[in-house]
1. Condition first: among the polar types (S, T, N, Q), within 22 Å of the chain's Cα centre (by Cα) and in a helix (DSSP H, G or I). Now tell me which residues in the stretch 232-281 satisfy that.
2. Do we find a residue being farther than 21 Å from Ser324 by Cα, modelled with pLDDT under 95, among the aromatic types (Phe, Trp, Tyr) and not in a loop (DSSP other than H, G, I, E, B) anywhere in the stretch 168-182?
3. Within the stretch 202-215, identify whether any single residue is outside any helix (DSSP H, G or I) and either within 13 Å of the ligand (Cβ to nearest atom) or in contact with an Asp or Glu (Cβ under 9 Å, 6 or more places away or on another chain) (or both), and answer yes or no.
4. Please state which of the following conditions Phe136 fails to meet, knowing it meets all the rest: (1) within 14 Å of the ligand (Cβ to nearest atom); (2) surrounded by 18 or more Cβ atoms within 10 Å (Cβ to Cβ); (3) within 20 Å of the chain's Cα centre (by Cα).
5. Which residue out of Ala143, Ala148 is small (Gly, Ala, Ser), within 30 Å of Leu306 (Cα to Cα) and within 14 Å of the ligand (Cβ to nearest atom)?
6. Among the candidates Ala336, Ala296, single out the residue that is within 14 Å of the ligand (Cβ to nearest atom) and touching a Gly at 6+ places or on another chain (Cβ under 7 Å).
7. So, in the stretch 218-231, of the ones that are part of a helix (DSSP H, G or I) and of a type in the set (Gly, Ala, Ser), which residue ends up farthest from Val316 (Cα to Cα)?
8. Considering only the stretch 108-122, I want to know if a residue exists there that is touching a Lys or Arg at 6+ places or on another chain (Cβ under 8 Å) and either more than 21 Å from Gly268 (Cα to Cα) or surrounded by 12 or more Cβ atoms within 10 Å (Cβ to Cβ) (or both).
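The values are calculated or read from the model by the stated rules, or taken from the named source; none is laboratory data. If you're wondering where the values come from, they're calculated on a predicted model, not measured in any experiment. Methodologically, a virtual Cβ is constructed for each residue, glycine included, from the backbone with ideal geometry; neighbour enumeration extends over all protein chains shown.
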Amino acid sequence: MSKLCRFFSHPVRLAATLVLTVGLGVAAVGLPGFAGMALAQQAGEVPGQSLGKTSDADFWRAVREGEQFTVSIPDKKAGVMIQSEGENWRNARNGPVTNFGGWIIVGMLVVLALFFGLRGRIRIDSGFSGKLMLRFSSVERIAHWLTAGSFMVLGLTGLNIMYGRYLFGRSGEATGDFSALHQFFAFTAYYGKLVHSYIAFAFMLGVVMIFVLWVKDNLPRGIDLKWLAVAGGLFSRGVHPPAKKFNAGQKFIFWVVVLGGASLGLSGLSLMFPFTFGLFAPTFGMLNLFGFDLPATLTVIEEMQLSQLWHAVMAVMMIAIIISHIYIGSLGMEGAWDAMGSGMVDENWAREHHGLWVAEVTGEAPPPDDDGDGGSKVAAEGAKPQTA
Ligand code: HEM
């Protein structure tokens, strides 16, 4: 028997040799496979087929970046697991929009207080004549007060949504006593939001009425430049630039109410009926035609976030501007309130602030400041001066 036969004749030695041989064979065949898998993992692939080929890192990165995945439930929005724009929206809403919005409103109150301190109440320079003229019909006044009343309710309830929790909602946080003010905020926030949603329709109706009734008197005209050149005489006594039914300042208010109101209404409706229609993607698409580079494809959630920010910014701007209107229509100018109260104004007030309009409704020759078109020469019967 050869030496080799003798070596393998021992069972243990034979078994050890077999194990060693098989092991080396497996290693020879398997190692390149393992190496390949390791390389594949480095390239971002997961070994095997059951879990798909995307690595966890890639998968979670896509989740973090807000990728829209497929879900089998009807609400496809659930396919976005993390929406980072939501955090940006929240920061913008609770940061600059809230802060600057507050300062704009407070700033307007300060400016008006200073103006009142320096200029005082704008008086009728020639005094009351005792003769009254019809300035606004009852339909016009109904349209005005429908818009004004609903706007004030919307403004207050809207400001409560934005600032209420800072003013009232935090009372008791330190002491743990959530009484009075905190409860007040909980009540007003809940019912205020309901009121806000319903009263919005009254406001939209009012804006449409105002637009139909007054648009023809609010188209820009050359004469407005004369009014603007002397700032309407607001800063100097005895200065009365020519104006028809509405002067340039009032035209500004009119267009703020009509365009701002339409914009507030549309963005409000998109918030009221979430995810049903988007305003921003089509608007951005149009703006891009003029050289802008705005995202023309937006998810429904992004549409909601932009609607909310736009609604808040527009509301704050409008509130600040309307505060100045309320001031000039009440405390700031003698004789103005009556125009929207009884509808009758003093003739001297009308001559000083709307001289061309007086000429139109009375049929008098227009003052020399007319801008040339002569205006409507048809005198409205009810507008003729009457003795008070
Ligand atoms: C207490 C609140 C308010 C008062 C005292 C007030 C007063 C007045 C007065 C007196 C006029 C007529 C001015 C004139 O005869 O030439 C007027 C007009 C007008 N008001 Fe108001 N108003 C108030 C609130 C509002 C609100 C909240 C809005 C809209 C959101 C509004 C929108 C308008 C518009 C569009 C006009 C016509 C353009 C103009 O005269 O500026 N008003 N208001």
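1. Residues satisfying the conditions are Ser263, Ser267, Ser270.
2. Within the stretch 168-182, one or more residues are farther than 21 Å from Ser324 by Cα, modelled with pLDDT under 95, among the aromatic types (Phe, Trp, Tyr) and not in a loop (DSSP other than H, G, I, E, B).
3. Taking every residue of the stretch 202-215 in turn, none turns out to be outside any helix (DSSP H, G or I) and either within 13 Å of the ligand (Cβ to nearest atom) or in contact with an Asp or Glu (Cβ under 9 Å, 6 or more places away or on another chain) (or both).
4. Unmet condition: (3).
5. Ala148
6. Ala336
7. Out of the qualifying residues, it is Ala229.
8. There is no residue in the stretch 108-122 that is touching a Lys or Arg at 6+ places or on another chain (Cβ under 8 Å) and either more than 21 Å from Gly268 (Cα to Cα) or surrounded by 12 or more Cβ atoms within 10 Å (Cβ to Cβ) (or both).
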